[in-house]
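This report concerns only the one structure given below.
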Amino acid sequence: QVQVEESGGGLVTPGGSQRLSCAVPGLILSIYRMHWYRQIPGKERELVAFITPSGFLHYAASVKGRFTISRDDAKNTVNLQMNSLKPEDTGVYYCVVEYGGNLVWGQGTQVTVSS
């Protein structure tokens, strides 16, 4: 069984920061491609960032320069540091692991950017 667990969502003011964390108990995350997706109301689901086992990083243009994806091998987690948050970043953020040729999704964590 693979259970993807996101945490760290919540309410933050515009310009603020929030850090999301992803854990997949039983899986060594350093050997999988790990993704963060988000679902913004009224918009298509969007790939935010991913990190590969080799450490290659990808960011959507909409978050590049503001968000950072990283992997903490000691804690076996993947994180998404979100800075300079904007109201348009509001949505549900999902951690996704490419596992066995499939994308396995977490339940999502809500991020709300509002004054």
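The values are calculated or read from the model by the stated rules, or taken from the named source; none is laboratory data. Because the structure is a prediction, the values reported are computed rather than measured. Cβ sites come from the backbone with ideal geometry, for glycine too, and all protein chains shown count toward neighbours. All accessible areas refer to the heavy atoms of the entire protein, side chains included, with ligands and DNA or RNA removed. Shrake-Rupley method; radii C 1.70, N 1.55, O 1.52, S 1.80 Å.
What accessible area per residue comes out for region 37-115, rounded to a whole number of Å², with a 1.4 Å probe?
53
Provide the convex hull volume over Cα atoms per residue for the chain, in Å³.
Taking only Cα atoms, the chain has a hull volume of 96 Å³ per residue.
Compute the signed sum of charges (Lys and Arg +1, Asp and Glu -1) over the other residues within less than 15 Å, Cβ to Cβ, of residue 29.
Summing Lys and Arg as +1 and Asp and Glu as -1 gives -2.
I need the per residue convex hull volume for region 67-115, using only the alpha carbons, in cubic angstrom as a whole number.
102
If you average the sequence gap of Cα pairs under 8 Å that are 6 or more apart and divide by the length of the chain, what percent do you get for the contact order?
It rounds to 37 percent for the chain.
State the Cα centre-to-centre distance between region 10-40 and region 50-72 in whole Å.
Cα centroid to Cα centroid, the span is 11 Å.
Report in % the part of the accessible area of the chain that belongs to carbon and sulfur, leaving out ligands and nucleic acids; probe 1.4 Å.
Here carbon and sulfur together make up 48 percent of the probe-accessible area.
Using the Cα centre as the reference, give the magnitude of the dipole from point charges on the C-beta atoms of the chain (Lys, Arg: +1; Asp, Glu: -1; all else neutral), rounded to the nearest 20 debye.
200
To the nearest 10 Å², what's residue 98's accessible area with a 1.4 Å probe?
80
Rounded to the nearest 5, what % of DSSP beta bridges with both residues in the chain are antiparallel?
Close to 90 percent.
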